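One structure is given below, encoded as structure tokens.
The values are calculated or read from the model by the stated rules, or taken from the named source; none is laboratory data. Note that the structure is predicted; figures quoted are calculated from it, not measured. As a convention, Cβ positions derive from the backbone with ideal geometry for all residues, glycine included, and neighbour counts pool all protein chains shown.
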Amino acid sequence: MTADSLKAQLRRTLRRDLWFTLAPAILLVGVAFAATFYFIKPAPPKTVVLALSPDEGGFRFYARKYQEFLKKHGITLELRNTTGSIENVKLLADEASGVDVAFVQSGTAGGDQAQGVVSLGSLSYVPLWVFYRGDVIDDVRELKGRRIAVGTEGSGTRALALALLEANKVSEAPTQLLPLEREAAIDQLKQGQVDAVFLISPAESPIIKRLAAAPGIRLLSFARGEAYARRFTYLSRKVLPRGVFDLAADLPSQDVVVLTPTANLMARESLHPALAYLLMRAASEVHGSAGLLDGAGEFPAPRETGFPLSSEAERYYEAGVPLLQRYLPFWAANLVDRLWVMLVPIIAIVVPLFRAVPAVYQWRIRSRIVRWYARLKEIEIQLDENPGPEMLEDMLRRLEEAEREVNRIPMPLAYAENLYFFREHIEVVRRRLSRRLTGGDHREGHPHHASA
């Protein structure tokens, strides 16, 4: 066999040994990464759908602020108008609706029809305003028999108005409950076509200030506000100070007690965690400042909403913004967070394999020579049995045959020392055989054995 053919054979053998060693390792790493990809969250979507009622709780104003914040981070917030909080919860519970998050007024019923809906926290107080015409009254029970605009079907305003009216037993005839939209209800109140209007809106809303200043229209101050707050735990009693709307005009002309639910940010339980944290960051920016009824830093907050708080919200209110999102752009923080999970198979699988693969490769190379030590040992054992000349000649031929075969074994230079060690051991046995054939080693004591 020529030198070139030997080199070609050596290369083929080394490639085969390398693949024999690496293939199981590559397969194991592939399985580990596949398992990791199965459990890792995919990248967050670029579009989020928010359900809100434009006529409820000032949600339309907040939604624009959320759109601006999310746009800075590469996320598009699509708005879907609804009739109110009740419909919003139903949309969140329906996986086919396409709605991801929604503004929902506290006190909106959840129950079995709201499975998979979680809270990201309360955002602000959105007071219940009761404007009316006529003599001064201090409670909704005095509205019995009047024409009252309580909001459209499915709205949070209507749900809260009916709860208060029914608790005071004034919702039945001759009281007329009118399902008017906000603008229509306000117009008819000004024109005297309705006697009272229930509205839910932030204290900063221009509509509320204009109504408070409108001639012939009064703002109800709940004399039994504390009792309502105790009976309806999702309500809070707040005092609107005299003159807070307009100091020069002294509006309102006295302290006004209002009942206020909270605006809450609800989400589908399957919402991507990165988006949940981003939305809560938006909530902190939009709702964190002080207002007429809200204290600075009071919102967002993990208040009771009737829905379970999401796991991301729990961590956010305990520890704040995730570490990566504090120092990196949103897309970069999410990428690093996902890549970090990929380090699990690297640490658990790749690092041990990094040590094991060279050892396996070395074992495979050495095994080609080690197996020939069995023939060498066999000859030594036969040599100890004092064989005759013919047997000695046969043993010598087998020894030379083993040497020729071993010399043909392809061996990388890094492991060539194993080949030369074996040749030395062959030479030791050959010398013993030669001495026996010449009669010089016929009565030796314990023979010197070749060592593997």
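Going residue by residue through region 117-132, is there one that turns out to be within 21 Å of residue 52 (Cα to Cα), assigned to a helix (DSSP H, G or I) and of a type outside the set (D, E, K, R)? First the steps, then the outcome.
We begin by selecting, within region 117-132, every residue within 21 Å of residue 52 (Cα to Cα); these are 117-129.
Next cut, assigned to a helix (DSSP H, G or I) only: none.
Within region 117-132 (the criterion being within 21 Å of residue 52 (Cα to Cα), assigned to a helix (DSSP H, G or I) and of a type outside the set (D, E, K, R)), the answer is no, since none of the residues qualifies.
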(request) Please find, among 263, 203, 227, the residue that is modelled with pLDDT of 95 or more and closer than 30 Å to residue 305 by Cβ. (result) 227
(request) For residue 189, work out the one condition from (1) assigned to a loop (DSSP other than H, G, I, E, B); (2) over 20 Å from residue 105 (Cβ atoms); (3) touching a residue at least 24 places away in the same chain (Cβ under 8 Å) it doesn't fulfil. (result) (1)
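Can you name every residue in region 104-139 that is among the β-branched types (Val, Ile, Thr), modelled with pLDDT of 90 or more and under 17 Å from residue 155 (Cβ atoms)?
We begin by selecting, within region 104-139, every residue among the β-branched types (Val, Ile, Thr); these are 104, 108, 117-118, 126, 130, 136-137.
Now drop any that are not modelled with pLDDT of 90 or more, which leaves 104, 117-118, 126, 130, 136-137.
Those that are among the β-branched types (Val, Ile, Thr), modelled with pLDDT of 90 or more and under 17 Å from residue 155 (Cβ atoms): 104, 126, 130.
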(message) For the structure I just gave you, tell me whether residue 285 is touching a Lys or Arg at 6+ places or on another chain (Cβ under 9 Å) and either modelled with pLDDT under 90 or in the same structural domain as residue 60 (by TED's automatic domain parsing) (or both).
(response) yes
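Determine whether residue 142 is out of contact with any strand residue (DSSP E or B) (no Cβ under 8 Å at 6 or more places or on another chain), modelled with pLDDT of 95 or more and surrounded by 17 or more Cβ atoms within 10 Å (Cβ to Cβ). Spell out the reasoning first.
On the way: out of contact with any strand residue (DSSP E or B) (no Cβ under 8 Å at 6 or more places or on another chain): yes; modelled with pLDDT of 95 or more: yes; surrounded by 17 or more Cβ atoms within 10 Å (Cβ to Cβ): yes.
Spelling it out, residue 142 is indeed out of contact with any strand residue (DSSP E or B) (no Cβ under 8 Å at 6 or more places or on another chain), modelled with pLDDT of 95 or more and surrounded by 17 or more Cβ atoms within 10 Å (Cβ to Cβ).
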(message) One residue is enough: does region 145-157 have a residue meeting the conditions modelled with pLDDT of 95 or more, in a loop (DSSP other than H, G, I, E, B) and among the polar types (S, T, N, Q)?
(response) no
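Working carefully through the options 382, 362, find the one that is modelled with pLDDT of 75 or more and surrounded by 13 or more Cβ atoms within 10 Å (Cβ to Cβ). Lay out the reasoning, then the answer.
Numbers: 362 fails: modelled with pLDDT of 75 or more.
Step by step, each of 382, 362 is checked, and only 382 is modelled with pLDDT of 75 or more and surrounded by 13 or more Cβ atoms within 10 Å (Cβ to Cβ).
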(request) Quick one: residue 257 ticks every box in (1) among the hydrophobic types (A, V, I, L, M, F, W, C); (2) more than 30 Å from residue 44 (Cβ to Cβ); (3) out of contact with any Phe, Trp or Tyr (no Cβ under 8 Å at 6 or more places or on another chain) except a single one, so which number is it? (result) (3)
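Taking the stated definitions as given, is residue 109 assigned by TED's automatic domain parsing to the domain that holds residue 308, among the small types (Gly, Ala, Ser), surrounded by fewer than 17 Cβ atoms within 10 Å (Cβ to Cβ) and in a loop (DSSP other than H, G, I, E, B)?
Values: assigned by TED's automatic domain parsing to the domain that holds residue 308: yes; among the small types (Gly, Ala, Ser): yes; surrounded by fewer than 17 Cβ atoms within 10 Å (Cβ to Cβ): yes; in a loop (DSSP other than H, G, I, E, B): yes.
So residue 109 fits the description; yes.
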(request) Taking the residues in region 297-315 that are charged (D, E, K, R) and within 17 Å of the chain's Cα centre (by Cα) as candidates, determine which candidate is surrounded by the fewest Cβ atoms within 10 Å (Cβ to Cβ). (result) 314
(message) For the condition loosely packed, with under 12 Cβ neighbours inside 10 Å and out of contact with any strand residue (DSSP E or B) (no Cβ under 6 Å at 6 or more places or on another chain), what is the one hit in 408, 398?
(response) 408
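Among the listed residues 409, 381, which satisfies the condition of being β-branched (Val, Ile, Thr) and over 60 Å from the mean Cα position of the chain (by Cα)? Break it down into steps so the answer makes sense when it comes.
Details: 409 fails: over 60 Å from the mean Cα position of the chain (by Cα).
It is 381.
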(request) Hey, can you tell me all the residues within region 28-73 that are at pLDDT below 75 and in a helix (DSSP H, G or I)? (result) 28, 29, 30, 31, 32, 33, 34, 35, 36, 37, 38, 39
(request) Scan (1) within 26 Å of the chain's Cα centre (by Cα); (2) charged (D, E, K, R); (3) modelled with pLDDT under 75 for the single condition residue 318 breaks and write down its number. (result) (3)
(request) Mind listing just one residue for me: the one in region 115-133 that is in contact with a helix residue (DSSP H, G or I) (Cβ under 8 Å, 6 or more places away or on another chain) and among the polar types (S, T, N, Q) and, of those, nearest to residue 277 (Cα to Cα)? (result) 119
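Would you please name the residue that is surrounded by the fewest Cβ atoms within 10 Å (Cβ to Cβ), looking only at residues in region 198-214 that are assigned to a loop (DSSP other than H, G, I, E, B) and of a type outside the set (A, V, I, L, M)? Before you say what the answer is, go through the steps one by one.
Of all residues in region 198-214, those assigned to a loop (DSSP other than H, G, I, E, B) come to 201-205, 214.
Of the ones still in play, those that are also of a type outside the set (A, V, I, L, M) are 201-202, 204-205.
Details: 201: 22, 202: 22, 204: 15, 205: 19.
Going through the qualifying residues, I end up with 204.
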(message) Going through 119, 171 one at a time, which residue ends up being among the polar types (S, T, N, Q), touching a strand residue (DSSP E or B) at 6+ places or on another chain (Cβ under 8 Å), crowded, with 17+ Cβ neighbours inside 10 Å and closer than 30 Å to residue 63 by Cβ?
(response) 119
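When you check residue 244 against the structure, is it in a loop (DSSP other than H, G, I, E, B), surrounded by fewer than 21 Cβ atoms within 10 Å (Cβ to Cβ) and under 44 Å from the mean Cα position of the chain (by Cα), yes or no? Outline the logic, then answer.
Numbers: in a loop (DSSP other than H, G, I, E, B): yes; surrounded by fewer than 21 Cβ atoms within 10 Å (Cβ to Cβ): yes; under 44 Å from the mean Cα position of the chain (by Cα): yes.
For residue 244, the condition - in a loop (DSSP other than H, G, I, E, B), surrounded by fewer than 21 Cβ atoms within 10 Å (Cβ to Cβ) and under 44 Å from the mean Cα position of the chain (by Cα) - is met.
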(message) Tell me the residue from 255, 195 that is more than 42 Å from the chain's Cα centre (by Cα), surrounded by fewer than 16 Cβ atoms within 10 Å (Cβ to Cβ) and at pLDDT 95 or above, please.
(response) 255
